[in-house]
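Encoded as C-alpha cells, the structure appears first; notes follow it.
The values are calculated or read from the model by the stated rules, or taken from the named source; none is laboratory data. Just so we're clear, the structure is a prediction, and the values are computed from it rather than from any experiment. Virtual Cβ from ideal backbone geometry, glycine too; neighbours counted across all protein chains shown.
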Amino acid sequence: METTANLTPTTAPAAAVAPVAPGPRLYELTQRTLFNAAELRRLTADYETIRRSCAVRLAVLFRTDFEFTLTSLNTPSFRQFVGEMSQPTHLTLFKVEPLRGVGVLEMTPSLALSLLDRLMGGPGAADMPSRELTEIEIALLGQITHLLTEAWCAHWKIGKELKSSLIGNENDPRFLQTSPPDSTMLVAAFEARIGNASGKIRIALPFTTVDPILQLIRAELKPPVEAPLPTATPTKPAAWNPALDHIAIPVSAELPGPQITARELQQLKVGDVLPMSAAAANLVQIKLGGVPRFNARLGTRDEHWAVEVLNALAS
C-alpha cells in the first residue's frame with residue numbers, strides 16, 4: 001500500500017539581519033570660503049551694478065522692458081560648475097584682456113532662441129523647444145553675449161582698460177576644458193525675462209581672472225592704519241624778567257558787603273552796625289591793580305587779618 005503525504009510548505013521565520021555599520025562617505029563641499037562677509041557684500045553690490053547696466057543695455061537692444069535679476073553669487077570648483085549645467089546648453093567662451101584665464105557665459109537654449117526670435121523681429125515666443133543653435137544663430141547671439149561681457153568689463157576700474165573678446169562656443173559641457181577641474185570659479189547666476197520668455201544666464205570666471213580685482217577690493221576694505229598721535233612738546237616756563245623785581249603792584253582784598261535801601265543810607269550815622277553774613281568771609285576777591293585775579297577767604301594770622309588764596313580766576 002502506497003501512502004502519499006501532502007506536505008504543506010511553511011514559512012520559516014526570517015533570520016535576523018545584523019545592521020551594517022555605515023562606511024565612510026565622500027563629501028564634496030559645494031561652496032568654498034574665499035570671501036569674508038565684507039568682501040561678499042562688496043562683490044554682491046558690484047554685481048548688482050553690473051546687472052542694472054546689462055538690463056539697460058538689453059532693453060535698448062530689444063526696445064522693450066528687460067528684467068535681469070541676480071539670483072546667486074558663489075564660488076564652486078570648475079567640476080561642480082560644469083556638473084550643474086543642463087544638456088544641451090549654449091556656452092560662450094570669452095577672454096578679458098589683459099587679465100588671465102578664460103571665462104564662460106552659459107545661456108539656456110530656450111532663452112537664447114527666444115532672444116534670437118525677438119532680435120530678428122519676431123514675438124520671442126516663450127514655448128520654443130530647446131535645441132542646438134545653428135552657426136548663423138550663434139553669430140547673431142554673439143551681439144548679446146558681447147554686450148553682457150562688455151558691461152562686466154566696464155564696471156571695474158583697476159588702472160587698465162578691460163576689453164572682452166569672444167573666442168568660441170560649445171553646446172556640450174562634457175567637452176568644456178577652460179580650467180582645471182579643481183580650480184575655483186566665481187559664478188554669478190541671473191534670471192532673464194523678456195515678455196513671457198525667461199531663462200537662466202550664468203557668467204563664470206576663474207579665480208585667476210578676478211584675483212587682481214579682489215586684491216583691489218581687499219585694499220579698499222582694509223581699515224586705515226591710524227597714525228600715532230604727535231607727542232606734545234613740553235612747554236617751557238616763561239623766564240622771569242628781572243627788570244620787574246622792584247615794580248610795586250597794588251593788591252586789595254574785597255568781600256561783598258550788606259545791601260541797604262536808599263532810605264536806610266540816608267538815615268545812617270556814626271555808631272550804626274551793618275550786619276554781614278558768615279558766608280561773605282569765603283567770597284573774598286583779591287585784585288591786582290584793580291583787576292580781580294584770585295578767590296580767597298577771610299581769616300586771621302598772628303593776630304592780624306589775613307586772606308587765604310583759594311584759586312586763580314580765568315584771565
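Side notes on the structure shown:
- Test: residue in segment 34-48 that is among the aromatic types (Phe, Trp, Tyr) and surrounded by fewer than 16 Cβ atoms within 10 Å (Cβ to Cβ): no
- Of all residues making up segment 157-199, the number that are among the aromatic types (Phe, Trp, Tyr) and surrounded by fewer than 18 Cβ atoms within 10 Å (Cβ to Cβ): 1
- Counting only strands (runs of 3 or more DSSP E) wholly contained in segment 137-217, the ones carrying 2 or more residues that are more than 18 Å from THR44 (Cα to Cα) and in contact with a Ser or Thr (Cβ under 6 Å, 6 or more places away or on another chain) occupy 163-170, 197-206.
- Of residues in segment 31-53 being β-branched (Val, Ile, Thr) and modelled with pLDDT of 90 or more, the one farthest from TRP156 (Cα to Cα): THR44
- Meets criteria (assigned by TED's automatic domain parsing to the domain that holds TRP152, within 18 Å of GLU150 (Cβ to Cβ), touching a residue at least 40 places away in the same chain (Cβ under 8 Å) and in a loop (DSSP other than H, G, I, E, B)) for LEU58: no
- Count of segment 283-298 residues which are loosely packed, with under 13 Cβ neighbours inside 10 Å and either without any contact (Cβ under 8 Å) to a residue 24 or more places away in the chain or assigned to a strand (DSSP E or B) (or both): 3
- Residues being under 30 Å from LEU162 (Cα atoms), surrounded by 11 or more Cβ atoms within 10 Å (Cβ to Cβ) and free of Cβ contacts under 8 Å to residues at least 40 places away in the same chain - total across segment 121-137: 1
- Some residue of segment 97-111 being touching a residue at least 12 places away in the same chain (Cβ under 8 Å), in the same structural domain as SER77 (by TED's automatic domain parsing), touching a His at 6+ places or on another chain (Cβ under 7 Å) and among the hydrophobic types (A, V, I, L, M, F, W, C): yes
- Residue in segment 209-218 that is surrounded by 12 or more Cβ atoms within 10 Å (Cβ to Cβ), touching a helix residue (DSSP H, G or I) at 6+ places or on another chain (Cβ under 7 Å) and either at pLDDT 80 or above or among the aromatic types (Phe, Trp, Tyr) (or both) present: yes
- Put simply, of ALA112, ALA139, ALA125 the only residue that is over 40 Å from the mean Cα position of the chain (by Cα) and of a type in the set (A, V, I, L, M) is ALA125.
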